[in-house]
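**Student:** Dropping the structure in here first, questions after.
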Amino acid sequence: MFENLSDRLSQSLRNVTGRGKLTEENIQETLREVRMALLEADVALAVVKEFVEKVKQRAMGEEVLKSLSPGQAFVKIVNDELIAVMGEAFSGLDLAVKPPAVILLAGLQGAGKTTTVAKLAKWLQESEKKKVQVVSVDVYRPAAIKQLETLAAEVGTNFFPSTIEQKPIDIALAAIQDAKTKFIDVVIVDTAGRLHVDEDMMKEISDLHKAITPAETLFVVDAMTGQDAANTAKAFGDALPLTGVVLTKADGDARGGAALSVRMITGKPIKFLGVGEKVDGLEPFHPDRMASRILGMGDVLTLVEEAERKLDKTKADRLANKIRKGKSFDLSDLKDQFQQMRNMGGMASMLDKMPGMGQMADAAKDDVHDKQLMQMEAIIDSMTPQERRFPDVINGSRKRRVALGSGTKIQDVNRLLKQHKQMAKMMKKMGKKGGMARMMRGMRGNAAGGMPPGGMPR
């Protein structure tokens with residue numbers, strides 16, 4: 001998300017970052033570029049006008065013009081205003097009610113409501129330690145009820161059954177009553193979607209809302225629809241007392257117009273971003289972190305939180321113990337590392353959250369493409385257990401066999417073996433006393449030495 005906007009803004013701001021003095025002329029020029037970048041990102045015109053005007057008013061003041069590093073002061077203003085547009089801070093779920101707290105999800109058909117119900121249930125269970133029950137009141141699509149039942153089983157949450165013969169209000173009230181008897185903390189209600197906003201739909205969901213009085217009413221909308229997402233959210237907000245918005249398919253939206261328009265147009269905070277099809281693809285929306293990501297400054301906090309949630313700690317501990325005992329880092333260990341990377345959303349997702357990496361050249365990103373990770377896993381899978389444990393036994397004829405079995409070339413096998421050898425050396429150094437500390441010092445030195453002149457401020 002935000003790839004196009006991030007590239008354009010980073011380029012525009014890089015032109016002023018290193019300047020010792022800013023004038024009204026070059027501020028105006030930069031603001032024109034910022035305005036074009038936002039419009040190309042499909043941000044609503046009213047939002048663009050207000051954003052640029054606020055940046056201009058602050059940039060023309062003493063805060064920038066008399067600063068010792070005016071370029072960086074200007075970037076800070078853009079960062080602050082991006083945060084303000086998107087909502088200042090993470091607006092969590094307000095579940096401080098008598099259990100069960102009810103969360104109602106609304107939205108158009110195809111926005112990803114049912115998948116979001118499962119993702120939200122998983123997030124509540126893992127991050128908030130809540131006992132969750134899900135229920136579908138979509139009596140118009142039998143497949144929707146079955147889909148939710150399948151997803152509930154996948155995330156290990158309670159599913160309350162319903163049928164198309166029942167009325168939505170009756171289903172929801174029965175699910176809430178059932179949750180009370182099971183001492184469940186949260187009930188998530190999946191509602192029917194439509195292809196467009198219509199009166200019947202709005203009346204049905206409005207009546208449902210009055211009957212169950214949810215603690216949270218979230219509007220689920222496809223981020224790829226750009227500023228239309230904000231307009232649709234406003235239409236729903238006029239009919240329902242929404243408490244927040246969930247932007248789905250955020251990973252498919254390179255522009256980011258929805259995220260920058262929704263808050264200002266609807267007055268409702270974005271609470272979550274849905275990314276990917278997997279049930280763990282839900283991120284709490286932190287405006288400050290997102291602004292940092294847009295400006296190419298990374299999002300290390302989210303990366304750390306994802307690592308804590310998604311990485312297999314047992315495997316990580318096992319590898320750490322193995323290295324500490326002086327045992328070699330073999331190809332099976334390397335395969336585990338590739339799988340851990342993919343669990344974190346892939347290399348592209350990780351790089352975008354690392355400071356400075358958001359502006360990495362596309363060619364460099366291609367070098368660590370997720371397809372290559374899968375290809376390298378296939379190469380390792382084509383090896384015998386002995387070859388994985390002792391890579392040095394892999395001679396020319398074995399390489400030909402492995403390449404043939406994995407559908408790759410001998411050059412690919414050679415490249416993998418070379419990468420493994422480099423990682424094995426690094427792991428060996430880490431295993432020695434004080435090795436990790438030395439390695440971290442080296443990485444910090446490389447990072448400082450490799451910083452491009454005029455790079456974005458950290």
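**Student:** Under the condition of being of a type outside the set (Val, Ile, Thr) and in a strand (DSSP E or B), which residue from region 211-223 is most open to solvent (accessible area, probe 1.4 Å)?
**Tutor:** Restricting to residues being of a type outside the set (Val, Ile, Thr) and in a strand (DSSP E or B), the top hit is ASP222.
**Student:** Being open to solvent by less than 60 Å² (accessible area, probe 1.4 Å), in a helix (DSSP H, G or I) and within 19 Å of ALA121 (Cα to Cα) narrows it down to one residue among LEU151, LEU208; which is it?
**Tutor:** Step by step, each of LEU151, LEU208 is checked, and only LEU151 is open to solvent by less than 60 Å² (accessible area, probe 1.4 Å), in a helix (DSSP H, G or I) and within 19 Å of ALA121 (Cα to Cα).
**Student:** Pairs only if they're at least six apart or on different chains, beta carbon under 7 angstrom, first in region 262-276 and free of Cβ contacts under 8 Å to residues at least 12 places away in the same chain, second open to solvent by less than 40 Å² (accessible area, probe 1.4 Å) and hydrophobic (A, V, I, L, M, F, W, C); list them, first residue then second.
**Tutor:** If the second residue must be open to solvent by less than 40 Å² (accessible area, probe 1.4 Å) and hydrophobic (A, V, I, L, M, F, W, C), no pairs are left.
**Student:** May I ask you to list the residues in region 117-148 that are outside any loop (DSSP other than H, G, I, E, B) and either open to solvent by 30 Å² or more (accessible area, probe 1.4 Å) or polar (S, T, N, Q) (or both)?
**Tutor:** Matches in region 117-148: LYS122, GLN125, GLU126, SER127, GLN133, SER136, PRO142, ALA143, LYS146, GLN147.
**Student:** Right, something else. Out of ALA424, ALA403, report the one residue that is more than 13 Å from LEU331 (Cβ to Cβ), open to solvent by less than 60 Å² (accessible area, probe 1.4 Å) and part of a helix (DSSP H, G or I).
**Tutor:** ALA403
**Student:** I'd like to check something: does region 306-327 contain any residue that is closer than 30 Å to LYS113 by Cβ, at pLDDT below 75 and of a type outside the set (D, E, K, R)?
**Tutor:** The answer is yes, given that some residue of region 306-327 is closer than 30 Å to LYS113 by Cβ, at pLDDT below 75 and of a type outside the set (D, E, K, R).
**Student:** For VAL34, work out the one condition from (1) of a type in the set (A, V, I, L, M); (2) surrounded by fewer than 18 Cβ atoms within 10 Å (Cβ to Cβ); (3) modelled with pLDDT of 80 or more it doesn't fulfil.
**Tutor:** Answer for VAL34: the failing condition is (2).
The values are calculated or read from the model by the stated rules, or taken from the named source; none is laboratory data. Predicted model, so just to flag it, every value in this text is computed and none were measured. Every residue, glycine as well, gets a Cβ built from its backbone with ideal geometry; the counts of neighbours run over all protein chains shown. Accessible surface areas use protein heavy atoms only, side chains included; no ligands, DNA or RNA. Shrake-Rupley method; radii C 1.70, N 1.55, O 1.52, S 1.80 Å.
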